[in-house]
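The values are calculated or read from the model by the stated rules, or taken from the named source; none is laboratory data. If you're wondering where the values come from, they're calculated on a predicted model, not measured in any experiment. All Cβ positions, even for glycine, are placed from backbone atoms using ideal geometry, and neighbour counts span all protein chains on display.
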Amino acid sequence: MNLACREEELRQLLNDVALTRNLGLVLHGIADGQCSIDVPFQDAFERPGGIVSGQVFMAVADVAMWLAIKTKLGLTDSSVTAEMKTNFLSSAKRTGFRCTAKVLKIGRHLSPSAWTST
């Protein structure tokens, strides 16, 4: 497996960016076009009703995809999210979760991708 960046470089990137650092994101692992991030629970993530806010899931999915793309295109790649859609199939209640993103195809202008949370 020949990745465009190393796991420790992505860990450092998560630590260097204020948003990802404040969310407490922890890199679980990477592969070619894939990234898994662990998200420890924080009280600030709760919305009324005691479940983790969908905003947190969306932010983490975006970060996981950002790093998954970097495994293919490198740290200097400046790709940004053009469109994002989600279907929430279940909730998390006062618990952390893992988000895994996978690049389905690297295109000239867009890179279709998918993500899951557990």
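Points to keep in mind about this one:
- Residue check for residue 62: of a type in the set (D, E, K, R) and outside any loop (DSSP other than H, G, I, E, B): yes
- Residue 67 being farther than 29 Å from residue 108 by Cβ and in contact with a helix residue (DSSP H, G or I) (Cβ under 7 Å, 6 or more places away or on another chain): no
- Subset of the stretch 90-109 [surrounded by 11 or more Cβ atoms within 10 Å (Cβ to Cβ) and of a type in the set (D, E, K, R)]: 93, 94, 98, 102
- Residues satisfying the stated conditions in the stretch 1-28, i.e. under 16 Å from residue 72 (Cα atoms) and exposed (fewer than 13 other Cβ atoms within 10 Å of the Cβ): 1, 2, 6, 8
- Beta carbons closer than 6 Å, at least 6 apart along the sequence or on distinct chains, pair a first residue in the stretch 89-118 that is at pLDDT 70 or above and among the hydroxyl-bearing types (Ser, Thr, Tyr) with a second that is surrounded by 14 or more Cβ atoms within 10 Å (Cβ to Cβ) and assigned to a loop (DSSP other than H, G, I, E, B) for 95/41.
For every residue, the table says whether it meets (1) touching a helix residue (DSSP H, G or I) at 6+ places or on another chain (Cβ under 8 Å); (2) of a type outside the set (A, V, I, L, M, F, W, C).
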{"residue": "23", "(1), (2)": "yes, no"}
{"residue": "27", "(1), (2)": "yes, no"}
{"residue": "32", "(1), (2)": "yes, yes"}
{"residue": "37", "(1), (2)": "yes, no"}
{"residue": "46", "(1), (2)": "no, yes"}
{"residue": "49", "(1), (2)": "no, yes"}
{"residue": "52", "(1), (2)": "yes, no"}
{"residue": "55", "(1), (2)": "no, yes"}
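- Sub-8 Å Cβ pairs linking a first residue in the stretch 40-51 that is more than 26 Å from residue 27 (Cβ to Cβ) and free of Cβ contacts under 8 Å to residues at least 60 places away in the same chain to a second residue that is of a type in the set (Lys, Arg) and surrounded by 16 or more Cβ atoms within 10 Å (Cβ to Cβ), at least 6 apart or interchain, number zero.
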